[in-house]
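The values are calculated or read from the model by the stated rules, or taken from the named source; none is laboratory data. This is a predicted model, so every value here is computed, not measured. When we count neighbours, we look across all protein chains shown, and the Cβ atoms used for this are built from the backbone with ideal geometry, even at glycine.
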Amino acid sequence: MDSLTKLFEQGHNASTALLLITAVCAILFLLTIVLFTRVSGLNRRIHTLTMGSEGSFEQTLAQHLETVAHTVRRMDGIEQAVGTLQAQIPFCVQKSHLARYDAFDNVGGQQSFSLVLLDSRQSGVVLSGVYNRMDMRVYAKYIERGQPTQPLSEEETRVFRECLSK
């Protein structure tokens with residue numbers, strides 16, 4: 001107010017003062033419109049974030065934060081489970097090969113078989129089933145680090161080498 005009083009004391013007329021007050025009001029009006037537009041935009045964003053939820057924005061945000069914390073806890077558990085599984089994978093079957101054949105000349109239909117199952121360390125088992133007209137016998141032989149612990153038959157050796165070459 002002191003500046004307006006000084007203007008009048010210096011001999012400026014009322015129209016200059018009125019023009020100055022009108023300019024200030026116009027600037028304040030424009031600032032009000034800008035602020036109203038920004039608040040409306042923020043209200044739309046808040047409405048979009050809280051769409052479909054009950055309660056205030058603070059309650060919705062708290063629910064979302066709890067969901068994120070729960071998800072983080074679940075992810076930690078999943079990462080531990082994956083780590084356990086990854087430690088077990090080398091001991092699981094990594095390679096396998098099956099061959100059917102006729103063990104005896106007088107028996108057809110390739111009813112005999114040899115199956116090789118190996119893990120990543122090339123340890124595992126050779127399973128063989130030898131069929132003849134009277135019975136069927138099944139044999140299991142261990143493989144440790146690529147070496148059989150018992151002698152392999154010709155068919156078992158062939159299947160074992162084919163399995164290793166995969």
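Checking each residue in region 120-158 for being touching a residue at least 24 places away in the same chain (Cβ under 8 Å), in a loop (DSSP other than H, G, I, E, B) and closer than 18 Å to G108 by Cα picks out N132, R133.
For Q88, the test of being at pLDDT below 95 and either in contact with a Phe, Trp or Tyr (Cβ under 9 Å, 6 or more places away or on another chain) or among the small types (G, A, S) (or both) is failed.
In region 31-44, the residues that are touching a residue at least 40 places away in the same chain (Cβ under 8 Å) never reach a residue that is surrounded by 10 or more Cβ atoms within 10 Å (Cβ to Cβ) with C-beta atoms less than 8 angstrom apart, at least six apart or across chains. In region 66-85 there is no residue that is at pLDDT below 95, touching a Ser or Thr at 6+ places or on another chain (Cβ under 9 Å) and not assigned by TED's automatic domain parsing to the domain that holds R137.
Within region 91-119, the set of residues being in contact with a Phe, Trp or Tyr (Cβ under 8 Å, 6 or more places away or on another chain) and farther than 18 Å from V159 by Cβ comprises V107 only. In region 76-93, the residues that are under 22 Å from L117 (Cα atoms) reach residues that are among the charged types (D, E, K, R) and surrounded by 10 or more Cβ atoms within 10 Å (Cβ to Cβ) with C-beta atoms within less than 6 angstrom, at least six apart or across chains, in these pairs: F91/D119. Please work out if T50 is modelled with pLDDT under 95, surrounded by 10 or more Cβ atoms within 10 Å (Cβ to Cβ) and not aliphatic (A, V, I, L, M). Taking the combined requirement at face value, the residue satisfies it. Selection of region 80-119 for residues being within 24 Å of K141 (Cα to Cα) and part of a helix (DSSP H, G or I) yields Q88, I89, P90, F91.
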